[in-house]
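K.L.:
I am attaching a structure below and will ask some questions about it afterwards.
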Amino acid sequence: LLASPSWQNQRAVLSILERCLAAAPATFVPHVGSTVDVALRLIQSSSKRVQYQALQLLGALCCANTVESDEQPAATQPILVRENYGDKILEAIAHLIQSPCTKVASHACLTVVSYCRGGNGQGDCMIPIEKDLIVPFVGSLLEALKLPLSVDMSQQGVSEGSLTVLIRAIGATACLADASGEAFLPHYGIMGGLTATMKACPNMRTHEMAMLRGAAIEAASIVGQAVAGPDGEQASLYANDASEIMEFATSLLSSGQTDVVPIDQLFAACARIAAVMGSQYVPFMPSILPHILKRATEKLEVSITDSEDSSNKSNEDDDGGYSINIPGMGLKKIKISTTQLEEKANSARAIYEHARSLGKDFGPYAEASADAFLPLLHNEYSGDVRSTSAQALCQIFKAACLSASAGSVAQALPQNLLPVLAKALAKQLSQESDEDELEIRFAIADALSEVMYDAFTHKDANGVRVAQISVLDAREIVGHVMILIAGCLTRRSKLIAEMTTDVVDNDELARCDEKLHSEQELLTHLVDSVGYQLKSLGASFIPIFSQLVAKPLGKLLTSTGTRDGRARLSATCLFDDCVEHCGPQAASTYAPQLLQGVVESLNDPESDAELIQAAVYGLAQISRNAPNALSARLGQDLLMKIYNLCSNTSKSEADDSALFENAVSCMGSLALFKGAPLFDSIPDKGTLSKSFLAGLPLEEDFDEAKVCHDGLCDMVAMGLVDIKAEYNDLLRIIGDILSFVAEGDEVASESTCARLLGIIDQIQQTVDANTIQAAFARLDPNAQQALVSAMQ
């Protein structure tokens with residue numbers, strides 16, 4: 001076919017290759033390179049149909065950029081399309097953007113979008129690509145886009161094709177800005193054209209013109225957000241244009257002109273502007289929020305009428321209704337407004353972005369927003385509405401917690417909202433029974449986890465949580481969640497068995513692996529939601545743990561209970577939390593069971609880094625909270641394994657910094673701190689102490705950091721650390737700790753910081769001034785500044 005000059009055959013080849021890529025991406029990997037070559041060669045064809053199909057294939061290749069096969073030969077590396085062919089692909093696309101054929105030109109603009117976004121078509125789909133893959137080419141692409149962007153809308157007779165090209169060219173421009181970020185600043189002059197198009201031909205109320213203005217206002221907000229920077233460093237450059245867009249938006253909403261710009265695009269643009277303006281956006285909220293909430297609370301149009309269809313099967317009619325046999329009612333036609341469902345889902349997205357962007361400033365609007373979206377969490381007609389509402393509600397709750405912590409709203413708001421929201425999320429999760437709709441359950445589980453996290457972490461000025469779950473409510477929620485965890489683990493077990501026995505090719509294996517990964521993410525959120533409730537309630541959680549958690553998960557601590565490493569990880573994490581947070585009685589009860597899992601995980605060569613990290617963390621908690629569970633002989637064996645984790649590599653070279661820091665903390669808890677179970681059985685602690693000092697300071701886990709940094713002070717006080725011999729390390733460690741604290745990282749308490757300064761005084765009294773000055777000069781500048789400030 002390729003050898004044939006026929007455009008029909010060439011087009012067929014491109015179409016076949018695209019379908020092969022979609023159907024078997026893993027198997028297709030070895031052929032990606034030659035496929036790109038074919039697409040780049042045929043894109044130069046004089047046939048517009050071949051050009052179109054080549055663009056289609058290149059876009060698909062970009063979306064499958066990092067697909068690889070786990071079973072491919074080691075010598076065969078996955079072909080990274082953008083990395084290896086980006087310049088050639090973009091050169092070809094730029095040429096066709098200026099094609100006189102509007103279908104080709106508009107599709108070239110869409111291919112720019114596929115290039116700028118795509119990931120591997122799975123978990124990172126739609127995430128912008130690395131900047132170095134697009135920034136060098138932005139100038140030439142924008143130059144090519146000038147032609148379609150120059151269409152004069154004031155003239156009569158603009159063709160529908162030209163209008164489509166213009167809309168897609170605006171979308172391509174927005175994607176270029178989004179992918180480039182602050183690097184798009186030299187091209188910010190394009191904003192003037194976008195805001196002009198946003199207001200173009202206001203008297204032309206056609207659907208096409210509304211879509212054009214919607215594309216322009218969204219692109220203007222994306223460009224502004226990009227150049228403002230991730231932390232708003234350049235927000236002032238965008239301020240005037242942002243105000244102009246918001247004035248335009250509020251004027252449309254106040255006048256009721258909902259056909260000038262699609263309202264969903266208007267809300268999305270406003271949300272992006274809120275992300276840039278922050279608190280300066282608050283004055284616009286009274287003009288924007290009521291319209292978002294109105295869409296959310298609008299009564300859904302549902303009608304049930306007699307069906308004329310004589311069959312007994314459910315089927316979709318031409319007018320969008322469904323004929324279905326309802327028990328007791330006979331054959332009925334059900335019609336639901338899908339437009340309204342889309343509007344409700346988009347309203348939830350708009351509220352999510354507003355609450356996330358404004359944080360505590362959204363607090364005064366949290367109650368009204370929660371009242372609007374809580375009913376949508378149980379919408380029976382659309383999983384998209386349920387999942388987006390769940391995400392919106394978790395951000396609303398976060399904003400309420402932030403506002404209550406700052407004293408902006410009454411603490412009663414998050415406290416009253418917590419049990420209602422948490423129970424509603426858990427209940428809805430239990431009702432999501434379709435195993436194929438994992439994304440919906442993931443979104444709701446993620447929301448539940450976030451709600452429990454925010455309740456656990458946000459406190460008022462007196463250190464009291466602004467929202468506290470009750471034991472009664474926690475029991476109900478955990479009951480729902482544990483059933484969901486069991487279901488998730490069952491599905492994972494079936495998938496693992498299928499992958500080892502029934503899978504016949506790489507693509508089927510990849511699909512199973514994708515499902516397994518999705519179940520893993522769901523499991524993580526479910527386990528986290530239980531863990532945060534456990535931490536919040538402490539010893540009060542013991543009855544819930546013993547009745548609902550310990551039995552089903554306790555048997556999963558070792559490989560005799562499961563072949564699933566993620567199941568073992570989940571069980572280990574919750575038992576770790578119980579030993580740490582639920583008091584001495586729980587620690588002594590469950591430490592022996594946890595210890596069995598810890599020992600196996602540290603000895604099992606199949607254990608992954610996360611399971612080892614959880615095991616190391618659990619061993620540290622056993623050492624502190626249930627030291628009697630650890631015999632001297634077993635303790636010595638485990639200490640050697642922990643020491644090897646710390647000493648085999650330096651902190652800066654460690655592959656997993658969190659695992660390394662957990663090992664350092666565990667070593668101190670096992671043998672070096674006061675009350676450590678092995679403290680008395682190891683007379684010479686010099687080697688351990690040196691390894692411990694080399695691993696400090698800790699910065700990954702603030703709670704562990706506080707324990708270890710205070711333990712360091714104890715070690716100095718007990719003489720385990722020789723100040724005169726270790727002054728270099730001590731100056732480095734203390735300087736870094738004080739620097740972290742100055743930056744707002746709570747890696748040490750106030751009392752520990754005071755003790756650390758006392759150690760500095762001892763160094764000054766023990767070591768001569770010139771030696772100290774030389775050691776000080778070798779410190780990081782931030783550590784130097786922190787030490788100087790603290791000593792003043």
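K.L.:
Condition check: aromatic (F, W, Y) and open to solvent by less than 60 Å² (accessible area, probe 1.4 Å). Does F702 satisfy that? Give the derivation first.
P.N.:
Working: aromatic (F, W, Y): yes; open to solvent by less than 60 Å² (accessible area, probe 1.4 Å): no.
No: the conditions fail for F702.
K.L.:
With the structure loaded, tell me whether S751 is under 23 Å from L672 (Cβ atoms), of a type in the set (S, T, N, Q) and open to solvent by 70 Å² or more (accessible area, probe 1.4 Å) or whether it fails that test. Spell out the reasoning first.
P.N.:
Values: under 23 Å from L672 (Cβ atoms): yes; of a type in the set (S, T, N, Q): yes; open to solvent by 70 Å² or more (accessible area, probe 1.4 Å): yes.
Considered against the rule, which asks whether it is under 23 Å from L672 (Cβ atoms), of a type in the set (S, T, N, Q) and open to solvent by 70 Å² or more (accessible area, probe 1.4 Å), S751 comes out as yes.
K.L.:
Just give me the residues in region 551-573 being under 31 Å from the mean Cα position of the chain (by Cα), basic (K, R) and part of a helix (DSSP H, G or I), in sequence order.
P.N.:
Residues satisfying the conditions are R566, R568.
K.L.:
Within the group M191, M209, which residue is touching a Phe, Trp or Tyr at 6+ places or on another chain (Cβ under 9 Å), open to solvent by less than 50 Å² (accessible area, probe 1.4 Å) and either part of a helix (DSSP H, G or I) or of a type in the set (A, V, I, L, M, F, W, C) (or both)? Lay out the reasoning, then the answer.
P.N.:
Working: M209 fails: touching a Phe, Trp or Tyr at 6+ places or on another chain (Cβ under 9 Å).
Residue meeting the stated conditions: M191.
Per-residue answers, yes or no, for (1) part of a loop (DSSP other than H, G, I, E, B); (2) hydrophobic (A, V, I, L, M, F, W, C); (3) modelled with pLDDT of 90 or more:
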| site | (1), (2), (3) |
| --- | --- |
| A3 | yes, yes, no |
| A12 | no, yes, yes |
| S15 | no, no, yes |
| E18 | no, no, yes |
| A22 | no, yes, no |
| F28 | no, yes, no |
| G33 | no, no, no |
| L40 | no, yes, yes |
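K.L.:
As an exercise: evaluate S749 against (1) of a type in the set (S, T, Y); (2) touching an Asp or Glu at 6+ places or on another chain (Cβ under 8 Å); (3) more than 25 Å from K651 (Cα to Cα) and give the number of the one condition it does not meet.
P.N.:
(3)
K.L.:
State which residue pairs qualify: first residue touching a residue at least 60 places away in the same chain (Cβ under 8 Å) and hydroxyl-bearing (S, T, Y) and inside region 547-570, second residue part of a helix (DSSP H, G or I) and open to solvent by 20 Å² or more (accessible area, probe 1.4 Å) in any location, beta carbons under 9 Å apart, and separation of 6 or more residues or different chains.
P.N.:
Once the first residue is touching a residue at least 60 places away in the same chain (Cβ under 8 Å) and hydroxyl-bearing (S, T, Y) and sits in region 547-570, its partners that are part of a helix (DSSP H, G or I) and open to solvent by 20 Å² or more (accessible area, probe 1.4 Å) give T562/L489; T562/S493; S570/L489; S570/T524.
K.L.:
Scan L602, L548, L634 and give me the residue that is farther than 30 Å from I469 by Cα, under 32 Å from the mean Cα position of the chain (by Cα), open to solvent by 10 Å² or more (accessible area, probe 1.4 Å) and not hydroxyl-bearing (S, T, Y). Give the steps one after another, and end with the answer.
P.N.:
Numbers: L548 fails: farther than 30 Å from I469 by Cα; L634 fails: under 32 Å from the mean Cα position of the chain (by Cα).
L602 is the lone residue from the list that is farther than 30 Å from I469 by Cα, under 32 Å from the mean Cα position of the chain (by Cα), open to solvent by 10 Å² or more (accessible area, probe 1.4 Å) and not hydroxyl-bearing (S, T, Y).
K.L.:
Please identify the pairs in which a residue from region 387-403 that is open to solvent by 10 Å² or more (accessible area, probe 1.4 Å) has its Cβ atom under 9 Å from the Cβ atom of a residue that is among the acidic types (D, E) and not in a helix (DSSP H, G or I), counting only partners at least 6 apart or on another chain.
P.N.:
Short answer, once both residue conditions are applied: S387/E437.
K.L.:
If we keep just the residues of region 451-474 that are over 11 Å from P414 (Cβ atoms), assigned to a helix (DSSP H, G or I) and out of contact with any Ser or Thr (no Cβ under 9 Å at 6 or more places or on another chain), which is most open to solvent (accessible area, probe 1.4 Å)?
P.N.:
L472
K.L.:
Give the number of residues within region 606-625 that are more than 30 Å from the chain's Cα centre (by Cα) and open to solvent by 10 Å² or more (accessible area, probe 1.4 Å).
P.N.:
Filtering region 606-625 for residues more than 30 Å from the chain's Cα centre (by Cα) gives 622-625.
Cutting the leftovers down to open to solvent by 10 Å² or more (accessible area, probe 1.4 Å) gives us 624-625.
Within region 606-625, residues that are more than 30 Å from the chain's Cα centre (by Cα) and open to solvent by 10 Å² or more (accessible area, probe 1.4 Å) number 2.
K.L.:
Moving on. Being assigned to a helix (DSSP H, G or I), of a type in the set (K, R) and open to solvent by 40 Å² or more (accessible area, probe 1.4 Å) narrows it down to one of K674, K641, so name that one. Quick ask: steps written out before the conclusion?
P.N.:
Working: K674 fails: assigned to a helix (DSSP H, G or I).
The match here is K641.
K.L.:
For the condition touching a Pro at 6+ places or on another chain (Cβ under 7 Å) and either part of a helix (DSSP H, G or I) or under 28 Å from F442 (Cβ atoms) (or both), what is the one hit in D507, D528, D576, D513? Please lay out each step first, then the result.
P.N.:
On the way: D528 fails: touching a Pro at 6+ places or on another chain (Cβ under 7 Å); D576 fails: touching a Pro at 6+ places or on another chain (Cβ under 7 Å); D513 fails: touching a Pro at 6+ places or on another chain (Cβ under 7 Å).
When all the criteria are applied, what remains is D507.
K.L.:
Further question: Out of region 756-792, which residues are closer than 18 Å to E743 by Cα, assigned to a helix (DSSP H, G or I) and open to solvent by 70 Å² or more (accessible area, probe 1.4 Å)?
P.N.:
Result: P781, N782, Q785, M791.
The values are calculated or read from the model by the stated rules, or taken from the named source; none is laboratory data. Predicted model only: the values in this text are computed from it and were never measured. Counting neighbours? That spans all protein chains shown, and the Cβs are built from the backbone with ideal geometry, glycine included. The accessibility values were calculated without ligands, DNA or RNA, using every heavy atom of the protein model including side chains. Shrake-Rupley method; radii C 1.70, N 1.55, O 1.52, S 1.80 Å.
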